[in-house]
């Protein structure tokens, strides 16, 4: 085990993966979304997509302690649980897509999903109607497929929550609980399809504490009365991550 830890610490780009994980944690605790959007474009420049996804899923354990307890009390629990169940059922299809595609294709897919999500959020799309159960199920299913294939569990869910009329605190809580639980559930589903490696688990375990601390820092910075500020900060960090994660820069 000690040798595996040493090998993981010696991975090319480990310092960058650690740094982006901490930035992702701050963004996640602060905005309630954006962790994978920040993490995946850069992490996949240094490690295989499936390893990055699995490792990040393991780090979600930290969120169960650092940010989920408070968010659970503010969330729309029945609807969030429904969406988690549906997304989890759809995840295997997305993971199968990941398993059958090459690394470069999946990295471009990660960046495409990230960019489209960012553009939609910046444009400030909103819907006025109260979402039906059918709408929630459809959103959750799409989220599961995209999440399993690219590691970005959040884009569709984030857009769905931030485009609605719910208050900032509840929308943030719904998203945060959903992303944490589905992120964790991705790990055993990847194991069932042979995509979970010991190396990915070790990497995730090494990132748990830094990510947990960073997410608590982000949570402490959150102020529901300053929603414009927290949206803008998250957008800027995500945009930088997209540029730095372009496959043309290596990997």
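Taken together, the values in this text are just the output of simple stated rules run on the coordinates, not laboratory data. Since we're looking at a predicted model, the values are computed, not measured. Reconstructed Cβ throughout: ideal geometry from the backbone, glycine too, with neighbour counts over all protein chains shown.
Annotations for the structure displayed:
- GNM result for the chain, Cα springs below 10 Å: residue of 81, 23, 38 fluctuating most strongly: 81
- In degrees, nearest ten, helix 77-99 long axis to first principal axis of the chain (Cα): 40 degrees
- Computed from Cα positions, the angle between helix 168-192 and the longest principal axis of the chain comes to roughly 40 degrees.
- Sequence ranges 160-167, 149-156, ranked by mean other-Cβ count within 10 angstrom, highest first: 149-156, 160-167
- Peptides ranked, highest mean first, by Cβ atoms within 10 Å: ranges 184-196, 82-94, 53-65: 53-65, 82-94, 184-196
- For the chain, the longest principal axis of the Cα atoms and the long axis of helix 103-123 meet at an angle of about 20 degrees.
- Spacing of the two label points (7 Å from each Cα toward its C-beta) at residue 72 and residue 166, in nm: 1.7 nm
- In range of the label at residue 3: residues from region 191-221 whose backbone nitrogen is under 16 Å from the point 7 Å along Cα→Cβ: 198-199
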